[in-house]
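The structure appears right after this line, and notes come after that.
The values are calculated or read from the model by the stated rules, or taken from the named source; none is laboratory data. This one's a predicted model, so the numbers in the text were calculated from it and none came from an experiment. Neighbour counts are summed over all protein chains in view; Cβ atoms, including those assigned to glycine, are modelled from backbone coordinates with ideal geometry.
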Amino acid sequence: MNGFIAYFAQRSFLARIMTTMVLLVGAASLSTLKLQELPDIAFEEVEITTQYPGATAQDVEVNITNLIEKEIKPVEGIRKFTSQSSDGLSAISIEMDESADTAKVLRDIQQAVDRVNGLPKDVTNPPLVVQRGTASFEVLTFGVSHQGDYSELQSYARQLEKTLKSVSGVGTISMTGFNEREFWIEIDPIKVSRYKLTFDEVIYAVNNRNLSLSGGMVESWNSDQKIVTMTQVKSIEELAQTVIKVLPTGGLIRLADIAKVVDTFEKASQEGVINGEPAILFSITKGSNADIIATIDNIKTLIENEKSRIGDTFTFSYGLNLADDMSDKFSIVSTNGGIGLILVLAVLSMILKRQIAFWVSVSIPFCVLGVMAVLPILGMNLDSITLAALLLVIGIIVDDSVIVAESIYQEKESGKSALEAAVIGTQKVIKPIIASLTTTALVFIPMFFIPGTMGKAIVVIPITVIIALLFSLAECTYTLPAHLANSLNKTEVKPKTSDYFQSITNAYTNLLTRCLQFKKSVLVIAVIMLAVGVGLVTNLKLDIFPSESAKYIEVYTEVQPGTPLNKVREAHALLEKTITALPKNELKSYELTYSSPVSTGLIVLTNFESRERTADSIIKDLNNKLKNVKELSFVKLSVDAGGPPPGEPVEVRVMNGTPQERNDAVSLVTDWLNTQKGLDKITHNEALKDPQLQIIPQYEWLARYNLTVADLASTLRIAFEGDTVTSTWLGDQEIDLRVILNEDYRTIERLATTKIYTADGVQVPLSRLAKVEHIEAPRLIQHYNGDREVTVTAQITDETLSSVALSETMLTELQSQLPSQVSIEIGGEAESTNETMSGFVVAFPAAIIGIYFVLAIMFNSLLQPLLIMVVIPFAVIAALMALFVHMQPISLFALIGVLGMTGVVVNNSLVLINRINELISEGKDTLHAIMEASASRLRPILLTSLTTVVGLLPLAYGFGGTDVYMGPMSLTLGYGLLFSLPVVLIVIPCLYLTFFNRKVTVTD
């Protein structure tokens, strides 16, 4: 290593070429890196969705969900799976074991789904198996509105969708409020009865009218020609002339004689609204390797061109726009980074010589752009979490450069030549620097093993940090000594006595001398302060993704079950009015998707700096204004703080047992939650009931008419929901042909008189074959690992409450009161928090153990590493105290800041003790070695800490914009370093003298 240092120190031209190359390659890579909200990761999660239009939740559970769950249960590599059966949809979510072969498990799941038999014939599309990942998150939503006929809007939206698919970077597109075109055959049952027809005969005739078949090839002397039978329906007029039956008299019964044929649209199940205007909402995800900003810019360009082409015919409104978020993040990073860099340069210039300060500051772009150059090679892009990691490591980069530069400068001050100073100064500190970089890497390596979705999301942090540390080592070893050797060779270094920093050193020496005399008192005071700090930080709330600067509010509402879709928006009139009334400096846009009985939406707020209230405050205000809305039976507004979805603040799974035992347990949990202060919107997934008409077959009468329950269900489905019997193509548009009863007969009053047709055409009223009962059934049925479960949820309104602590208290108090066969488990935010924290609980001790062994090897001692690491608990408590003082919770990125800080404070302590050991090995007694080492290392220790702190202050306080990730991380890292300075400069020397004093005794 020493030979390499000397070799490069002599070649300043080579060093400058290397620096320039790294800067240029990094800048070039930066222009090619894709910008995105979160890293491109595929979660160990698989979703299986199956559409079953018109079916109830119970129907979906029995005929779809149970069948699929039965097949996937034996698949190896599945950790757990949950399912939701709701009206018309089965959704199964599978979490794979992290240690399993993901590709194999995914393949086995697909094969298991393919083996499912007995799905209803109305399930036209097979179950869809998709692995979840960040690429599936939507990046842009917008709405298209039109004041005229819906058919014009539908036709335009369909063409726009096709155009959008060709836009570079666009992944998938989904539309809300878009209804496909259909030909409806509305049968008049009286006319069908008059002609002695059945529904089956009508369906058979329509199917045979709509065919396209090849008949082979016919040969002639001159050419061969294909035979094609084309009878596809091209219009409702053609369809109306379809012959159903030929009468004995030779007359023809056509479709128009018994039914009305209508060119219309499928039944609307959703209605979209954006910024107060009815619209078809477009939700767009980007391609897996696409750049968010470039993709959305391409879409916006297309929309602007559309506006110019069509004028005011259609109106476009934007909702969610992650390009704005990414632009804001880069603006925050660049602005705060620029302010921080200026402050860093100011501090360096005040304490170091100008030329030294310049080359130390060059280490920042060298390492950052070096990371940029490597990211594309690793298949990574630039996202908000990677940016946070880069900011985290900048402080460590500057620290190493400062230590090397300071050591070189001290050697130059002692009278050595510039080249000798560069070589010897670097050699003196390279050992502790390598140890420091190794310990810092060890702090982050365990983050690779944090489980769950959060662990997947933050795995880019250790990768980014380790790459930056390697570039920092290269810069400190090869390029910085050469730069300083060349620079110091051209300037005269004044003797130490002329250094204005000497007065600070003298003051510190006097203070340290007195502290060493009363070392036991100093240590007692330090321990007391540590204990007080521990007592205060234990009151901190744990919130993995805090919502202080969040800008998204999710909307969930319920209306009275059975409310027609055309009445749903009327019920939300006050909600829309209340949202629209938000101040312009708070509300950016909002979108709502209305359906019956559940509606959802998203409110997009302006940036945190532009408004006076937090998202939580806005929600509280909205809730107060909406609490007496009679039309809405349930309203839930919740903050989306960014990051992977953590789940509900309070979520309890009630499983197993009989239905009655589960209901009793749900009541027990709900009642307990109702007694807790600070909770609101307490409900469970089976609380919302759908009014249903249950058909109870009379089997004796079915047998008399040679009918089955399937005949009964099929006829009723055709009558009221309609049956898609075939489809035709008009150009590139597929149009379904739906057979259904005439609108006059699709009423509850007519249900009992609905005719069921026997095989020989006899019509039997439903009232003779079955009884009709009015019941209420759950709208949503959930399973956990194949067993029925009910999920109880609640929102937290008291910011001091912790979902983890609340859940643990509930488990303790209710466990003994539950029915014997019923079990409850905690889910949602508490579960994801515990999962993430369990990773940290393992990662942090593992990192500490790793640091200890590296230091033990370096110092050839089992005790001295403990002395170095004493600073860690003080620094950790100082960092958490920063959160306490600023009234912020312990968040994921605050903890990451604590991890990064651990590496830096160990660096300061390590450099100091290493110098003490060197002086003792030179023959000096312990006291004098401590005094001299502390004085000589005062400047680099102050510099490393102060440069990091001032560089992070703008981001911690949001001088150039607030970020939900980087703010807490900067706060803990900055304050942890700042308040650990007295520990390194005072407490560590006192401890060293207490435990390693072998030559002189100081009277206390």
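Within the stretch 121-166, track down each residue that is assigned to a loop (DSSP other than H, G, I, E, B), at pLDDT 85 or above and surrounded by fewer than 17 Cβ atoms within 10 Å (Cβ to Cβ). Scanning the stretch 121-166 gives PRO126, GLN147, ASP149, SER166.
So which of VAL898, VAL911 ends up being under 30 Å from ILE342 (Cβ atoms) and in contact with a Phe, Trp or Tyr (Cβ under 9 Å, 6 or more places away or on another chain)? Walk me through it before giving the result.
Working: VAL911 fails: in contact with a Phe, Trp or Tyr (Cβ under 9 Å, 6 or more places away or on another chain).
Going through VAL898, VAL911 in turn, the sole match is VAL898.
Does THR464 satisfy the condition of being in a helix (DSSP H, G or I), crowded, with 22+ Cβ neighbours inside 10 Å and out of contact with any strand residue (DSSP E or B) (no Cβ under 7 Å at 6 or more places or on another chain)? When the stated conditions are applied, THR464 passes them. Among residues of the stretch 501-513 that are without any contact (Cβ under 8 Å) to a residue 60 or more places away in the chain, those with a Cβ under 9 angstrom from a residue that is in a helix (DSSP H, G or I), sequence gap 6+ or separate chain, pair up as GLN502/LYS496; ASN506/ALA935.
Which residues, counting only those in the stretch 682-711, are assigned to a helix (DSSP H, G or I) and buried (at least 18 other Cβ atoms within 10 Å of the Cβ)?
Pass one, the stretch 682-711, residues assigned to a helix (DSSP H, G or I): 699-704, 709-711.
Across the stretch 682-711, the qualifying residues are LEU702, ASP711.
Checked against (1) at pLDDT 90 or above; (2) surrounded by fewer than 19 Cβ atoms within 10 Å (Cβ to Cβ), ASN624 passes all but condition (1).
From ASP664, ASP711, ASP671, which residue is of a type in the set (Asp, Glu) and within 23 Å of PHE199 (Cα to Cα)? Walk me through it before giving the result.
Values: ASP664 fails: within 23 Å of PHE199 (Cα to Cα); ASP671 fails: within 23 Å of PHE199 (Cα to Cα).
Only one candidate passes the filter, namely ASP711.
Total residues in the stretch 9-56 satisfying the condition of being under 30 Å from HIS483 (Cβ atoms) and of a type in the set (Lys, Arg): the figure is 2.
Residues that are surrounded by 21 or more Cβ atoms within 10 Å (Cβ to Cβ) and part of a loop (DSSP other than H, G, I, E, B) within the stretch 941-963 comprise GLY961, ASP963, listed in sequence order. Restricting the stretch 748-785 to residues that are closer than 17 Å to ASP188 by Cα and without any contact (Cβ under 8 Å) to a residue 12 or more places away in the chain leaves a set whose member that is surrounded by the fewest Cβ atoms within 10 Å (Cβ to Cβ) is GLU749. When the helices (runs of 4 or more DSSP H) confined to the stretch 847-927 are screened for residues that are basic (Lys, Arg) and in contact with a Lys or Arg (Cβ under 7 Å, 6 or more places away or on another chain), those reaching at least 1 such residues are found at 892-921. Give the residue, chosen from ILE796, ILE848, that is free of Cβ contacts under 8 Å to residues at least 60 places away in the same chain and surrounded by 15 or more Cβ atoms within 10 Å (Cβ to Cβ). So the residue among ILE796, ILE848 that is free of Cβ contacts under 8 Å to residues at least 60 places away in the same chain and surrounded by 15 or more Cβ atoms within 10 Å (Cβ to Cβ) is ILE848. Among the residues of the stretch 365-389, those identified as part of a helix (DSSP H, G or I), crowded, with 21+ Cβ neighbours inside 10 Å and not aliphatic (A, V, I, L, M) are PHE366, CYS367, GLY370, SER384, THR386.
In the stretch 43-54, the count of residues that are surrounded by 15 or more Cβ atoms within 10 Å (Cβ to Cβ), more than 27 Å from GLY722 (Cβ to Cβ), under 31 Å from the mean Cα position of the chain (by Cα) and of a type outside the set (Asp, Glu) is one or more.
The residue of the stretch 750-761 that is nearest to GLN698 (Cα to Cα), among those that are at pLDDT below 80 and hydrophobic (A, V, I, L, M, F, W, C), is ALA752. Of the residues that sit in the stretch 167-210 and are among the β-branched types (Val, Ile, Thr), touching a strand residue (DSSP E or B) at 6+ places or on another chain (Cβ under 7 Å) and outside any helix (DSSP H, G or I), which one is farthest from GLN241 (Cα to Cα)? Out of the qualifying residues, it is VAL170. Residue-level check: of (1) among the hydrophobic types (A, V, I, L, M, F, W, C); (2) out of contact with any Gly (no Cβ under 7 Å at 6 or more places or on another chain); (3) free of Cβ contacts under 8 Å to residues at least 40 places away in the same chain, MET931 misses just (3).
Please report, ordered by residue number, the helices (runs of 4 or more DSSP H) entirely within the stretch 518-627 with at least 1 residues that are within 28 Å of the chain's Cα centre (by Cα) and touching a residue at least 60 places away in the same chain (Cβ under 8 Å). I'd like the intermediate steps shown before the answer.
Numbers: elements: 519-537, 565-571, 573-580, 615-626.
So the answer is 519-537, 573-580, 615-626.
Here are SER921, SER936: which of them is assigned by TED's automatic domain parsing to the domain that holds SER970, among the small types (Gly, Ala, Ser) and over 22 Å from LEU977 (Cβ atoms)? Show your work before the answer.
Details: SER936 fails: over 22 Å from LEU977 (Cβ atoms).
Matching residue, one of SER921, SER936: SER921.
Within the stretch 68-89, is there a residue that is surrounded by fewer than 19 Cβ atoms within 10 Å (Cβ to Cβ) and under 30 Å from GLU161 (Cα atoms)? Yes, the stretch 68-89 contains at least one residue that is surrounded by fewer than 19 Cβ atoms within 10 Å (Cβ to Cβ) and under 30 Å from GLU161 (Cα atoms).
Take the residues in the stretch 541-598 that are touching a helix residue (DSSP H, G or I) at 6+ places or on another chain (Cβ under 9 Å) and among the aromatic types (Phe, Trp, Tyr); name whichever of them is surrounded by the most Cβ atoms within 10 Å (Cβ to Cβ). Result: TYR594.
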